[in-house]
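Novice: I'd like to ask you about the structure that follows.
Just so it is clear, none of the values below were taken in a lab; they were calculated from the coordinates. It should be emphasised that the depicted structure is a prediction, and the values quoted were computed from it without experimental measurement. FYI the Cβ positions are ideal-geometry reconstructions off the backbone, even for glycines, and counts take in every protein chain you see.
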Amino acid sequence: MSIITAQNVSLTFPTNDGPVHALKDVDLTIEKGDFVSFIGPSGCGKTTFLRTIAALETPTGGTLSVNGMPPDEARKARAYGYVFQAPGLYPWRTISGNISLPLEIMGFSRSDRAERVARVLEMVELSGFGGKFPWQLSGGMQQRASIARALSFDADILLMDEPFGALDEIVRDRLNAALLELWDRTGKTIGFVTHSIPEAVYLSTKIVVMSPRPGRITRVIESPLPRQRPLEIRDTPEFIEIAQQVREGLREGHSYD
Ligand SMILES: Nc1ncnc2c1ncn2[C@@H]1O[C@H](COP(=O)(O)OP(=O)(O)OP(=O)(O)O)[C@@H](O)[C@H]1O
């Protein structure tokens, strides 16, 4: 069952230097339970596309449907959680306080909030850190707290904009494995922006390769890898073959003839 569909989605930003065509004729179907990565060079519109799904930007052309609704209705219905590039935690609130903020805005009772915060802290392996302030945690722990915040109201869709880009490779490996496990356990649909080919191949059921000027999709690669993926899968011929397909897609996007 498709949960997100984009048909001919275009978005042009008017700027002082003339129009910037951030997205042009983007067609994509995301099925329920997919893990979809968006990969492409800087400026190709990955973030813009994720933001249009989340109704943080409005397309100038085409149609988008999220959970069977226009994006702004899906936002009001809390159809998705959104994880930004930076953790964006309030320094004056504890980790629990930060995670509970969207729940407070949505009007969850105190006991419901406490129960949900405890549950998502456990999911991201931060039980015991709820009383700490963000600055008392490492960068990787802060990013996990921001993922917990996006999970707290249990939306079916999780949108993640390069959540691990600023982390070192070892921490990133661990968080990638933890995210896959969480995806497998919860059955959520995940949209994930990344610059990293190995990260895209390791995580995804579907890899969307984009190219700039104007931002468009050049390839959609369906991954034949099984759902259960130990980190060592990255050394297998199947993995290396998919990575090559992504690399070719990225190269194609760079030929301007
Ligand atoms: N609010 C805006 N106003 C004008 N131009 C914008 C705006 N937001 C994005 N752009 C432009 O749209 C294009 C796509 O930007 P976007 O951030 O989506 O790219 P990206 O693929 O996510 O890049 P990166 O990998 O560097 O994050 C870029 O040329 C960018 O400068």
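Novice: If you take the residues in segment 15-25 that are within 8 Å of the ligand (Cβ to nearest atom) and free of Cβ contacts under 8 Å to residues at least 60 places away in the same chain, which one is nearest to residue 48 (Cα to Cα)?
Specialist: Here the answer is 20.
Novice: I would also like to ask the following. Considering only residues of segment 200-209 that are of a type in the set (A, V, I, L, M) and out of contact with any Lys or Arg (no Cβ under 6 Å at 6 or more places or on another chain), which is nearest to residue 19 (Cα to Cα)?
Specialist: The extreme case among them is 208.
Novice: Take residues that are in contact with a Phe, Trp or Tyr (Cβ under 6 Å, 6 or more places away or on another chain), within 16 Å of the ligand (Cβ to nearest atom) and within 30 Å of residue 130 (Cβ to Cβ) and tell me which of the strands (runs of 3 or more DSSP E) falling wholly in segment 149-255 contain 1 or more.
Specialist: Per the criteria, 157-161, 189-194.
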